[in-house]
Amino acid sequence: MDVNAAIIDQRASALTEQIRERAREELGIAGDDAKLKSLAFVFLCVRTLLDLDDDDTFDCLVEGGQDFGVDAIHITDERDGEFAATVVQGKYAKKLDGRSGFPATGLEKLVQAVRHLFNPSSTLDAINDRLRARLEQVRSMIREGLIPQVRIIACNNGKVWESNGVEVITLADFGDQVTWEHINHDDLVKILQSTKPVNDRLQLTGKALVEDMNFSRVLVGRVSVEQVHDLVERNGERLLERNIRRHLGVRGNRVNEDIHATLDSDERSNFYFYNNGITLTCDKFSYNALQTGDYQVQVENLQVINGGQTCMTIYRTLSQRPLVARPPASVLVRLYQLPSDNEDLVQRITYATNSQNPVDLRDLRANDERQQRLELDINQLGYNYRRKRTDSTRATDITSGAAAEAVLAVWRKRPHQAKFFSREHFGKLYDITFTDDLTGAEVIVAVLLYRIAENRRRRPREADPNYVRYASAFIAMQMGRRLVAALGRPAKIGHQELVQAQAQIEAQGDALFEASLNDIDQTLRELYGDREVSLQQLAATFRRADLIDRLEAIDVATPAD
């Protein structure tokens, strides 16, 4: 028995029970424990690799027959005319010896999936509703001119694909728009051990600059790409600061392809000049200062906060083809020794050094005065406000991310940005969302309404229109308007109004949803008439603000027609 495979099997077994009910309700998977465990393994892979919460992770799952061999798919927001699509297929073996290779037939299915799913002109006949809804959203984005950068992850509890698998990938010839990764139990264990600090060493090449400043220390030097490869091989994605792990590849695979091409060309000796380098933080570093160069630096609690793509691409490139008998290649490194009790400083440096990358700003805002005030306000109202990311999934928990999405949709009347502009919830939209006068009660009410709309999106009823999978934020906005009308239109919802609001939601939640769904139906008829509207058109409609003015014009004092 492989020890790491056994560790992941225990995790998968626990997750099987956690997702059993949702798998039955949303995916129609019941009575087959082997299939459910395989699903739990995919769930674990997606949650771990993309650093998502449980609800967002389950939303990615599309397994359930007629799925093109795709078990999960995750779509990012648009950025600079591109968006990233992560496609996951899992293979879980009962034997825990870690010897089963990823089958080439699975890769062949993924090749066919990419050819059909990302081509808006390709007909999709036999495909399950959950995957269809997600793919029509993707196709509508492509038709609007956005370019998908596809990351395919083949995950199993065994070995990588054999030579026939390599042949399948080579013959697919997708170029730099599609990258292929294999993830197994060993990789997952490395990431799950991220709470364990990385204590390692860096072998520098040539001279280095070391300076003390403001109770911190800075080292600037260079290391060979082989040293970077070995560092990643020893520690894996544990090296990557949590805030940037999920965003690997989001800027576009051309960056990775350029790194690979340079290392594999006559220009590799100039790699140092072409690459922006790697930025690392640590609690402490030490070296023999009596040397004049080529320092071996001992480092405690090492983390890469910028240059993650560089590190991972160097690792993959050299793993495929070591640079034997070739001119040396090196990369710039900046190592910052920071006070161990100043987590805010690490987050700010992470953001500053990734200013051109889509880092998640939630952690950076976690200690903002408004977030701390909301935590105090919400916690004394019987809920737990989570300013920082957590694995907790209790019903009384409200994460800052969920609050931002709900408040933006319900109270700020920006449902399209709530759902499809999440990267700016704690950036450009932060002051709009989290105003100084936002109360904890308003956050709670918004989240409760948003949860009703989201639950219906995830588990649509047989009679629900097909656009219910795209319209949840718009429906939540109308539910908020109708609730305020039912409460007598108070200027603010504070702790005194909260009890009545909660009682109204508890008693009339479904009625509020149905009335708001009718509002959506009415506005769509006004917009499109009686003609048939494709899912691609509907998906595009709910990414825009076209419906907002029409919805706000509806009188919510009485039920919608």
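The values are calculated or read from the model by the stated rules, or taken from the named source; none is laboratory data. Small disclaimer: the values here were computed from a predicted structure and weren't measured. Positions of Cβ are generated from backbone atoms using ideal geometry, with glycine treated the same way; all protein chains shown enter the neighbour counts.
Below are the figures for this structure:
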quantity: Ala453 farther than 29 Å from Glu25 by Cβ and assigned to a helix (DSSP H, G or I); calculated: no
quantity: Only one of Gln203, Gln177, Gln193 that is modelled with pLDDT of 90 or more and polar (S, T, N, Q); calculated: Gln203
quantity: Yes/no for Glu78 being of a type outside the set (A, V, I, L, M, F, W, C), surrounded by 14 or more Cβ atoms within 10 Å (Cβ to Cβ) and within 20 Å of the chain's Cα centre (by Cα); calculated: yes
quantity: Close pairs from segment 446-470: first in contact (Cβ under 8 Å) with a residue 60 or more places away in the chain, partner among the aromatic types (Phe, Trp, Tyr) and part of a helix (DSSP H, G or I), Cβ under 7 Å, at least 6 apart; calculated: Ile452/Phe513; Ala453/Phe513
quantity: Residue match in segment 134-146 (condition: among the small types (Gly, Ala, Ser), surrounded by fewer than 22 Cβ atoms within 10 Å (Cβ to Cβ) and in contact with a Lys or Arg (Cβ under 7 Å, 6 or more places away or on another chain)); calculated: no
quantity: Set Val533, Val443: member being at pLDDT 95 or above and β-branched (Val, Ile, Thr); calculated: Val443
quantity: Residue among Glu181, Glu211 that is touching a residue at least 24 places away in the same chain (Cβ under 8 Å), in a strand (DSSP E or B) and surrounded by fewer than 19 Cβ atoms within 10 Å (Cβ to Cβ); calculated: Glu181
quantity: One residue from Ala540, Ala515 being buried (at least 16 other Cβ atoms within 10 Å of the Cβ) and over 31 Å from the mean Cα position of the chain (by Cα); calculated: Ala515
quantity: First in segment 286-307 and farther than 14 Å from Gln203 by Cα and free of Cβ contacts under 8 Å to residues at least 24 places away in the same chain, second anywhere and surrounded by 22 or more Cβ atoms within 10 Å (Cβ to Cβ) and among the charged types (D, E, K, R), Cβ under 6 Å, 6 or more apart; calculated: none
quantity: 2 or more residues over 25 Å from the mean Cα position of the chain (by Cα) and at pLDDT 70 or above: qualifying helices (runs of 4 or more DSSP H) within segment 301-379; calculated: 308-320, 369-379
quantity: Selection from segment 256-296 of residues that are among the hydroxyl-bearing types (Ser, Thr, Tyr) and part of a loop (DSSP other than H, G, I, E, B); calculated: Ser265, Tyr287, Thr292, Tyr295
quantity: Candidate set from segment 432-455 (those that are more than 20 Å from Ser422 (Cβ to Cβ) and either out of contact with any Gly (no Cβ under 9 Å at 6 or more places or on another chain) or of a type in the set (S, T, N, Q) (or both)); member that is surrounded by the most Cβ atoms within 10 Å (Cβ to Cβ); calculated: Thr439
quantity: Residue match in segment 89-102 (condition: at pLDDT below 90 and out of contact with any strand residue (DSSP E or B) (no Cβ under 9 Å at 6 or more places or on another chain)); calculated: no
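Residue by residue, here is whether (1) in contact with a Leu (Cβ under 6 Å, 6 or more places away or on another chain); (2) in the same structural domain as Lys492 (by TED's automatic domain parsing); (3) within 23 Å of Ala545 (Cα to Cα) holds:
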position: Ile378; (1), (2), (3): no, yes, no
position: Asn384; (1), (2), (3): no, yes, no
position: Ala395; (1), (2), (3): no, yes, no
position: Thr399; (1), (2), (3): no, yes, no
position: Pro415; (1), (2), (3): no, yes, yes
position: Gly427; (1), (2), (3): yes, yes, yes
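So that you can scan it fast, the table gives a plain yes or no per residue for (1) over 22 Å from Arg451 (Cα atoms); (2) in contact with a strand residue (DSSP E or B) (Cβ under 7 Å, 6 or more places away or on another chain); (3) crowded, with 16+ Cβ neighbours inside 10 Å; (4) not assigned by TED's automatic domain parsing to the domain that holds Ile398:
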residue	(1), (2), (3), (4)
Ala12	yes, no, yes, yes
Ala23	no, no, yes, yes
Asp32	yes, no, no, yes
Ser38	yes, yes, yes, yes
